[in-house]
Amino acid sequence: MDDALMAQLKERAPGLAALFSAGSKAILDADDLAALEEARVATLGRKSPLVEMLRSINTLDPEERPVLGRFGNIVRRELEALVEAREAELKRAALDASLAGERIDVTLPGQPFPSGHEHLISQTMREVEDIFVGLGYRVAEGPEVELDYYNFTALNTPPSHPARSAHDTFWVREQREAMPEAVVDADRGVLLRTHTSPVQVRVMEQQEPPVYIVCLGKVYRRDSDATHTPMFHQVEGLVVDEGITLADLKGTVHFFAEEFFGGDRAIRVRPHFFPFTEPSIEVDVNCELCGGKGCRSCKYSGWLEIMGAGMVDPNLYGFVGYDAEKVSGFAFGMGVERMAMLKHGIPDLRLFYENDVRFLRQF
Ligand code: DAH
């Protein structure tokens, strides 16, 4: 109520002015919604002095009626407006208080969510892959469930070869049992590939020379002890082009050894035998732990064996329709687990597959 109106009210209806003052004080003093409701009933309820007065206005002195009627209604509207305003104020305060109570401090550190990382075997495969991709090689793939033809026959491995025996190879049982004994070792046999070398044949079947590929993947053998697991990983490399010699193989392997193991490395080549290479070699890299003097990790030889390799046996070209007079090539194969063990000084192959995070998180 503005001051001018209040002054008029005091002068012409002092009783109403007093009701207004008391009522507005009760309304403004209410400090929660229940207290406000009480104040509203007391000042504006049906039994409040103001409302009773307005209700019985026609019993008043006819001269006072218009004044009391007009000012009474003004006072009632003013008090109603005050109740409404106070109610809004109290509701806002209650909302603010409950929001403050529920506030979340988003700067508090959350629950740490453990995140894993690539297994060392996968990391090692990526590393090897990157080195060869850097040399311009393509990454090739082949099936893990493989035909005898690709795993053995087309790799120059005759039916009498001991690697074909059920002793070393996981034959896919259904196929084996469905076949008469005479065909078990023939081209139609199905097995879990025992090496990544079958991809050599698959790649050559699919493209003309020049070939520069690496293949990385799982292989399976019936072995299980401290140094063998039934599943392990290999990297296969194949190069076929015009004029490829053993010198190219040695240069490539030397480059790879320095990239993978780091530093100035020496390689050593020893004669060996593989059915699909002629000549065949095994390649060693110098042991840096002992500087060649000999230690436990190099079995006191000063050298670490890293791969089998050789010049592609020209017989293989006959299986894939390459002209052995025009092209020559080399191939190599290595064990990924072995490479990781040599590089990181890991003593036991089984650590890779126990999946103890205390071991895994070191890499
Ligand atoms: N496939 C052979 C093995 O599993 C490794 C190997 C040796 C691969 C010589 C090659 C190679 O490509 O030329 O033992």
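FYI, it's all coordinate maths here, none of it is from the lab. Since the structure is predicted, the reported quantities are computational estimates derived from the model, not experimental observations. Here the Cβ is made from the backbone with ideal geometry for all residues, glycine too, and neighbour counts use every protein chain on show.
A few points about this structure:
- Backbone N under 20 Å from the Glu11 label point (7 Å along Cα→Cβ), restricted to region 56-82: 63-75
- The amide H of His272, built 1.01 Å from its N in the peptide plane, has Ser280, Ile281, Glu282 as neighbours under 5 Å, considering only residues 5 or more places off or on other chains.
- Inter-part distance where region 329-363 and region 105-139 are each reduced to a Cα centre, Å: 16
- Whole-Å distance, taken between Cα centres, linking region 214-257 and region 64-104: 87
- Considering the chain at the alpha-carbon level, its Rg and Dmax are found to be 46.5, 136 Å.
- Multiplying the residue separation of Lys250 and Val172 by 0.36 nm and subtracting their alpha-carbon distance yields 24.3 nm.
- Which of Cys295, Cys287 has the fewest Cβ neighbours within 10 Å, and the rest in rising order: Cys295, Cys287
- Cysteines without a disulfide-compatible neighbour (Cβ-Cβ under 4.7 Å), the chain: Cys215
- Cβ-Cβ FRET estimate between Ser224 and Glu325, R0 fixed at 51 Å, reported to 0.05: 0.70
- At q = 0.24 Å⁻¹, base-10 log of I(q)/I(0) for region 1-89 (Debye sum, equal scatterers on each alpha carbon): -1.19
- Of all the options Asp61, Asp225, Asp264, the one that moves most in a Gaussian network model of the chain with Cα springs shorter than 10 angstrom is Asp61.
- Estimated from the Cβ-Cβ distance and a Förster radius of 35 angstrom, the FRET efficiency linking Glu141 and Glu258 is about 0.80.
- Listed by Cβ neighbour count within 10 Å, with the fewest neighbours leading, Ile244, Ile346 appear as Ile346, Ile244.
- Look at the alpha carbon pairs under 8 Å that are at least 6 residues apart: their mean separation over the length of the chain gives a relative contact order of 13 percent.
- Cβ-Cβ distance of Leu60 and Ala85, R₀ of 35 Å, FRET efficiency by 1/(1 + (r/R0)^6): the value works out to about 0.70.
- Relative contact order computed over region 3-101 (Cα-Cα under 8 Å; 6+ residues apart), in percent: 31
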